[in-house]
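Below: the structure, in structure tokens.
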Amino acid sequence: MSGPALPADRVVLGRIVGVHGIKGWIKVESETRPREAIFAYSPWELGTATGWTPYRVLAGRPSGAGLTAQLEGIDDRDVARALIGATIAFPRAQLPPAEAGSYYWADLQGCTVVNLQDVELGTVSHLMETGANDVLVVNDGRERLIPFIDTVVQQVDLEHRRIRVDWDEDF
């Protein structure tokens, strides 16, 4: 499903990836850490092909390797199925401030990455979790995977949208 553009004042929390049962429960892919934290944010704004619609989260729980949720007004499997592929967003202004030295992934996306020699390595397209550490995915026509660890990431300047890393341009 192709949804509408994400409003600048919203942050993506996850996606609806399936249905669960016959009473309208949905399967959720969460981008929050821990993943169950997605249930603390309500109402969700769901982006579908028809636009953005708020839904209050009535219940949420782990289910096997994933998460399931029940949304207000969604009590039928067929209605829930129509939401598969929807983006789950939340107003940025309602997020608590990040702790010192921590960042919301959404705030790092789009930042320019430069190394200690001031060579521009590209722009952060997204981040991914590997289990050992988070990784910046940086693109400049080619994709670089740069570990988001203290020995590599030297400075994050959100005001100027710039991240300085100790990273060789040939990697």
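The values are calculated or read from the model by the stated rules, or taken from the named source; none is laboratory data. All values derive from a computational prediction rather than experimental measurement. Every residue, glycine among them, receives a Cβ derived from its backbone with ideal geometry; neighbour counts consider all protein chains shown.
A few notes on this one:
- Residues that are over 16 Å from Tyr104 (Cα atoms) and either in contact with a Lys or Arg (Cβ under 7 Å, 6 or more places away or on another chain) or of a type outside the set (Gly, Ala, Ser) (or both) within the range 124-146 comprise Thr130, Val138, Asn139, Asp140, Arg142, Glu143, Arg144, Leu145, Ile146, listed in sequence order.
- For the range 21-37, filtered to residues that are without any contact (Cβ under 8 Å) to a residue 60 or more places away in the chain and within 14 Å of Ser63 (Cα to Cα), the residue that is surrounded by the fewest Cβ atoms within 10 Å (Cβ to Cβ) is Gly21.
- Single condition Asp9 does not satisfy, out of (1) within 22 Å of Gly73 (Cα to Cα); (2) in contact with a Lys or Arg (Cβ under 8 Å, 6 or more places away or on another chain): (1)
- Number of positions in the range 4-27 that are under 15 Å from Phe90 (Cβ atoms) and assigned to a loop (DSSP other than H, G, I, E, B): 4
- Every condition in (1) in contact (Cβ under 8 Å) with a residue 12 or more places away in the chain; (2) surrounded by 12 or more Cβ atoms within 10 Å (Cβ to Cβ); (3) over 30 Å from Thr130 (Cβ atoms) holds for Thr53 except the one numbered (1).
- Per the listing Ala93, Ala100, the residue uniquely among the hydrophobic types (A, V, I, L, M, F, W, C), assigned to a loop (DSSP other than H, G, I, E, B) and out of contact with any strand residue (DSSP E or B) (no Cβ under 7 Å at 6 or more places or on another chain) is Ala100.
- Only residues that are part of a loop (DSSP other than H, G, I, E, B) and either out of contact with any strand residue (DSSP E or B) (no Cβ under 6 Å at 6 or more places or on another chain) or buried (at least 17 other Cβ atoms within 10 Å of the Cβ) (or both) were counted across the range 111-145, and they come to 10.
- The residues listed here are Ile16, Ile22; of these, the one that is under 14 Å from the mean Cα position of the chain (by Cα) and β-branched (Val, Ile, Thr) is Ile16.
- Checked across the range 112-130, the condition of being in contact (Cβ under 8 Å) with a residue 12 or more places away in the chain, closer than 27 Å to Trp44 by Cα and touching a Cys at 6+ places or on another chain (Cβ under 6 Å) holds for at least one residue.
- Test result for Ser102, over 26 Å from Phe39 (Cβ atoms), modelled with pLDDT under 95 and among the hydroxyl-bearing types (Ser, Thr, Tyr): no
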